[in-house]
1. Using amide H atoms built in the peptide plane, which far-off residues or other-chain residues are under 5 Å from Lys39 H to H?
2. Counting only helical runs of four or more DSSP H residues, what would the 222 nm mean residue ellipticity of the chain come to if each run contributes -39,500 (n - 2.57) and the total is spread over all its residues?
3. What net charge is computed for the residues neighbouring Asn110, neighbours being all others with C-beta under 12 Å from the C-beta of Asn110, Lys and Arg scored +1, Asp and Glu -1?
4. Any idea what the relative contact order of the stretch 89-261 is, in percent, if you count C-alpha pairs under 8 Å spaced at least 6 apart?
5. Taking 0.36 nm per intervening residue step and subtracting the Cα-Cα distance, what contour gain separates Met361 from Ser330 on full extension?
6. Fewest first, what order do Leu178, Leu255 take by the number of other Cβ atoms within 10 Å?
7. Suppose every Lys and Arg Cβ carries +1 and every Asp and Glu Cβ carries -1, with no other charges. What dipole size does the stretch 89-261 come out with about its Cα centre, to the nearest 20 debye?
8. Order of Cys67, Cys201 from fewest to most other C-beta atoms within 10 Å?
Amino acid sequence: MSLDIKTLVEKYNTPLYVYDFDNITRRYEELKGAFDGKKSLVAYAVKSNSNLAVIRHLAKQGAGADCVSIGEIKRALKAGVERYKIIFSGVGKRDDEIRYALKEQILFINLESEAEMKRVEMIAKEFDMEARISIRVNPNVDPKTHPYISTGLHENKFGVSIDSAKRMYIYAKKSKNLNPIGIHFHIGSQLTELAPIAEACGIVADLVRSLNAIDIDIKFFDVGGGLGVVYDSEVTIKTEAYALAVTQAIKGLDLTIVNEPGRYMMANSGIFLTKVLYEKQNGEKRFVVVDGAMNDLLRPSLYSAYHKIEAVQRDGEKSLADVVGPVCESGDFLGKDVELPIMNHNDILVVHSAGAYGFTMSSNYNTRNRSAEVALMGGEDYLIRQRENFQDQIRLEEACDTSWQS
Ligand code: LLP
């Protein structure tokens, strides 16, 4: 990321998220390009970074959107994603969300249970329409990733087994209000091994073949997201190898391949900037206390996730320190045992690979204002979300009648 971090911090203050939009373009082109010559759609997983400017940027390249709530669908539409490129996924969709998705004529709804299918059918009947659906199959494949972001085993809450998927397709085919056009799986996130993905593709492609044999014509093969990225020294899956595994699995089938990448697109397109408040030593243990915290970037606290942390323009002999925030929790840290020189008040630290599941998982815990967000493109910087203030935080409480307390 070529930028003058000090200037950005002077201009926008910290804590701050900064995204490299040129890198987002490169990542999009890389993935889309890997499927060149095939019918394919990259439906960006909005949950990874749902800033409108990010979605708008991807929509302009031609991306679709994978959404998991009515809010995300509204964001995608507002940002200019074509409705026929929007997918609605998620294990617990409410009636009002299903109604909204149907009315907006999005591409399809990914179903995660038989009960949900009946619900969608009922609502589509109300509208006297055919709901385009896809079924999320749980192929029972171990993706070999962190248990919290593993989703393709029967012990996980996601999707349905092959057998119940088959029953559901047969039911949907007969229904006047359901049109089964897709099949979906997503076995987990931050995947660095191709074999489990290839295995899942094979299992699901076989299901497509057996559906074709009974005259159920699937058009979309949605392989979910999950491509891993480099946080530390991971060896990641090459997009060409990935594309090859998918296309080989569906050989002979006429399908549009749908990808739902989030982290792949955003993680290394973003950094998180924070300023040093204090150095402190508790016995043997060195702490660098910063103004960013778990409410800004939850991944280290929640998953013990590693994010590389570096000091900006500060040299000297390094020693190990925990980089911690001001939140009143021992679990509030951005990094453990980070090699850092002695830091002064207002020195800046860069937390790398923070573009995915960073801001979107942030909160107001400890009544802390959420960070500002900045985009970099073509050497220019643009504010894409203002820093929250106290007034923003209490607005919905102040809007309530408090006379009962007087
Ligand atoms: N499609 C579905 C159905 C998903 O559930 C997810 C992510 C994606 C696509 C995008 O996956 P990606 O390409 O980003 O791996 N908060 C966690 C990650 C949770 C992922 C949830 N599902 C983290 O910070 O690591």
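Here, each number is a calculation from the coordinates, and none is a lab measurement. Because the structure is a prediction, the values reported are computed rather than measured. Ideal geometry is used to build each Cβ from the backbone, glycine not excepted, and the neighbour counts take in all protein chains shown.
1. Result for Lys39 returns Ile257.
2. Working: 12 runs with 125 residues, N = 406.
Per the formula, -9000 deg cm²/dmol.
3. On the way: positive: Lys93, Arg132, Arg136; negative: Asp66, Glu112, Glu116, Asp222, Glu260.
Result for the local shell: -2.
4. On the way: 316 pairs, mean separation 34.5, N = 173.
Taking the mean separation of contacting Cα pairs over the length of the stretch 89-261, I get 20 percent.
5. Numbers: separation 31, 0.36 × 31 = 11.16 nm, distance 1.88 nm.
Gain on extension, Met361 to Ser330, equals 9.3 nm.
6. Working: Leu178 24, Leu255 21.
Sorted ascending by nearby Cβ count, the order is Leu255, Leu178.
7. Values: 20 positive and 25 negative charges, 99 e Å.
So the dipole magnitude of the stretch 89-261 works out to roughly 480 debye.
8. Values: Cys67 31, Cys201 25.
Ranked by crowding around the Cβ, least crowded first: Cys201, Cys67.
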